[in-house]
Amino acid sequence: MTTTQDPQAGGPRRTDVDRAFLDNATYRSLGEQHLSPREERFEKTRRTVGLVLAPVVTVAFLLVPTTLEDTQHTLAAVLLGVIVLWITEPVPIPVGGFIGVAAIVVLGVAPADEALAPFGSSTVFTFIGAFILAQAMLKHGVAKRFAMFVLDLPGVGRSTFRVVIAFGAITALLSAFVSNTATVAMLLPTAIGILSVVAKLMQANGNVAEDFDPLRLRIGAALMLMLAYGASVGGLLTPVGSPPNLIGRGLIEEATGERISFLDWMMMAAPICALMFVALAVVILLLNRPEIRRLEGVEEYVDAERAKLGRMTLAERNTLVAFAVTVTLWIAPGVVALVAGTESSAYTTVSDRLDEGIVAILGASLLFLLPTKWADREFTLRWSDAARIDWGTVVLFGTGIIFGSLLESSGLAETIGNGASDRLGLTSVFWITAFAVVLAIVVSETTSNTASAAVVVPIIIPIAMAAGVNPFVPALAATFAASFGFMLPVSTPQNAVVYGSGAVPITKMIRTGSAFDVLGAVLIVLILPLMVGALGLGE
C-alpha cells in the first residue's frame, strides 16, 4: 500500500485505500478479488447460474397462471428475477436493480415518471450528503486521527484484550457516520502493524519461532473479526450508518405514517448497539483467545503513527465544522420534539425546514465553501473527490426504494402478506418479529445488506398488517437484522476485506459469525420492542 502527498494545500498524507474508499468491494470482478481456486470456482458457478436463472425465473412466472392482478403478476415476476440477480451477482448488484427498473417500465407495471420518482426522494439525498461528508473525513485523515487518539489512551496499548476492544469501539463509532467498508479498510494497516509488534514480542520471549507467520496468531483473527463485525454493529447507531437503515426507515414511515427522527433512531439504537458490542467482545475473545495478555511496544508504535499525522490541518478543522453542523441540524428536530412535543408548531416548522436530505447536502456543500488556501481558491473538497463516493450503493438504494414503493402501490405487498400470514400462522408481534429477524439474517448472509433490506422489509410489513399487527417493530427488526451477515467473506464487503488479510481462517469466521448471528438476533427480538415502547414509537 502506498501513500502520497495530497496536492491540495494543507492536506495530510493519505493512503490508496482512503482514496479508493473501497465501498465498491462488493462489486469487484472475479479478477479483482483474492480468492482460493475453490472459492473462484464457486463464484463462477454462482454467477453463471444467475445469468441464466434470472430471465428463466421471470419468464416462467409470467407464463404461470395465478390469481394475481396483471400488474401484480408482472411486478412479482420482475422482482423474482431481480432477487436472483442480487443473490447470484452475475452483474454488479446496482446494475441488477437498474435492469429491474427498466423491466417494470417496459412491461407496463408503472410509467417511467412514477417508477423513477423515489430517486428524487429526500432519503436518497441524505445518503449522498452523508457519503460526501464521509469522503472528506477519510481524505483529510480525520477518521484516522480519531482512531490513533483512542489507541493512545493510557493503558490501551498494554493489553491484548484492550487493544481488540478499542479497535472495535473505534470501528463502531466511525461506522455510525462513515462507510463500514471504508472504516475497516482505513484501520486495517494499523491493525496489521500492531499485529507485527505482537509477533516480535512473542518471538523475543521465545513464545514462537523466528519464522512464525504473525497472521496465524489468534489475536490476529480476534483483531480482524472485531474490525469487520464492529463496523456492522456501529452502523446501526444512526440512520445514515448503513444503507439498510435508510431503506427500512423510509418503508416504515411510508407504511405507518410515523416519522422516525435522527435523534429518535439514535436513542432507540444506542442501548441495542451497546449490548451487541459487549456480546461481540465476549464472543470474539472467548472463541479467539489471544496468546498473550500483556503487550510491550504497541504504545510506541501508536505514538509513532500519531507523530506522522502531525498537527491538525485547516482541511481537517473544516471537515469537523461541516460534520458538526450537519449532525447538529440532524438532531435539532428531535430536541425540539422533546422540549415542545411533536404536535407543536415549532416542531412542525423545524422538522419541515431541516429535512434530513436538505441538511445532508447543506453540510456536504460546506466542504466546497470552506477554504484551505484562499489565495489559490482551494477548498476543503473538490468535486473529483465527491465523484469517488460509492455511487453503486446510492443506485442500489434508490432501486430498493422503487421496488418497495411499487410493492405497496400495486397491492402486491398486501397480497403477499395475506398469503404468508395464512400459511405461516404468525399472529403476534413477537413471532412476526422473530421471523423477520431470521429471514433478514439468512438473506444477508447470501447477498448485500442493502439488497436484504430492500427484499425483506417490504415482505414483513404486509405480513404484519395482514395479521392485524402494527408493522413498526417487525419491520424495524428486519432493518436491523439486514445489517447482519457475519459468517462468510461474501456476506459483507468488510468481511471480505479482513478475510483478504490472511489473518482469519474461514472456519473461524463461520464459527464466530454464527455465534454472533444468534446472539444478535436474540438481542434484537428482546430489546428492540422495549426501546420502541420506551420512546413511545410505533403506537
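Inverting the pair-averaged 1/r between distinct Cα atoms of the stretch 95-162 gives 16.1 Å as its Kirkwood hydrodynamic radius.
Normalised by 2.2 N^0.38 Å, where N is the number of residues, the alpha-carbon radius of gyration of the stretch 37-109 equals 1.19. Among the trypsin sites (Lys or Arg not before Pro) found in the stretch 360-445, those both in a DSSP coil and sparsely packed, with 10 or fewer other Cβ atoms within 10 Å of their Cβ, are Arg377. Between the amide H of Glu378 and those of Thr372, Lys373, distances stay under 5 Å, these residues lying 5 or more places away or on another chain, with hydrogens modeled in the peptide plane. In terms of surrounding Cβ atoms within a 10 Å radius of their Cβ, Tyr347, Tyr229 rank from fewest to most as Tyr347, Tyr229. Ranking of Phe42, Phe61 by neighbouring Cβ atoms within 10 Å, starting from the fewest: Phe42, Phe61. Sorting the segments 126-139, 89-102, 254-267 by their mean number of nearby beta carbons within 10 angstrom, highest to lowest, gives 126-139, 89-102, 254-267. In terms of packing, defined here as the mean over residues of other Cβ atoms within 10 angstrom, the peptides 69-78, 113-122, 180-189 line up highest first as 180-189, 69-78, 113-122. Computed packing ranks the peptides 284-297, 439-452, 156-169 as 439-452, 156-169, 284-297, most packed first, by mean other Cβ atoms within 10 Å. Applying a DSSP loop filter and a limit of 14 other Cβ atoms within 10 Å to the GluC sites (Glu not before Pro) in the stretch 307-356 leaves Glu343. Listed from fewest to most Cβ neighbours within 10 Å, the set Met276, Met268 follows the order Met268, Met276. Taking amide H positions as modeled 1.01 Å from N, with prolines and chain starts lacking one, the residues under 5 Å from Ser159 and 5 or more places away or on another chain are Leu295. Both numbers refer to the Cα atoms of the stretch 340-401; Rg and Dmax are 17.0, 49 Å.
Rounded to the nearest Hz, the phi-derived 3J(HN,Hα) couplings of the stretch 530-536 under the Karplus curve 6.51 cos²θ - 1.76 cosθ + 1.60 (θ = phi - 60°) are 5, 5, 4, x, 5, 8, x, where x marks glycine and proline. The string of couplings for the stretch 96-110 from the Karplus curve (6.51, -1.76, 1.60, θ = phi - 60°) is x, x, 4, 4, x, 4, 4, 5, 5, 6, 4, 8, x, 5, 7 Hz, one whole number per residue in order, with x for Gly and Pro. Helical content of the chain, expressed as a calculated mean residue ellipticity at 222 nm, amounts to -23000 deg cm²/dmol (DSSP H runs of 4 or more residues, -39,500 (n - 2.57) each, divided by residue number, nearest 500). Mean sequence separation of contacting Cα pairs (under 8 Å, at least six apart), scaled by the length of the chain, corresponds to a relative contact order of 21 percent. Each residue of the stretch 75-81 was assigned a 3J(HN,Hα) from its phi angle through the Karplus curve 6.51 cos²θ - 1.76 cosθ + 1.60 (θ = phi - 60°); the sequence is 4, 4, 5, 5, 4, 4, x Hz, with glycine and proline shown as x.
Relative contact order of the stretch 37-109: 36 percent, from C-alpha pairs under 8 Å at least 6 residues apart in sequence. Structure note, pairs Lys144/Lys200; Lys44/Lys308; Lys144/Lys373: Cα-Cα distances above 31 angstrom occur for Lys44/Lys308. Dividing the Cα radius of gyration of the chain by its Kirkwood radius returns 0.97 for Rg/Rh.
Working from the Cα coordinates of the stretch 240-340, the gyration tensor eigenvalues give, after taking √(5λ), semi-axes of 36, 25, 12 Å in decreasing order.
Bear in mind that the values in this text are calculations on the coordinates, not laboratory data. Note that this is a predicted model, so its numbers are computed, not measured. Ideal geometry is used to build each Cβ from the backbone, glycine not excepted, and the neighbour counts take in all protein chains shown.
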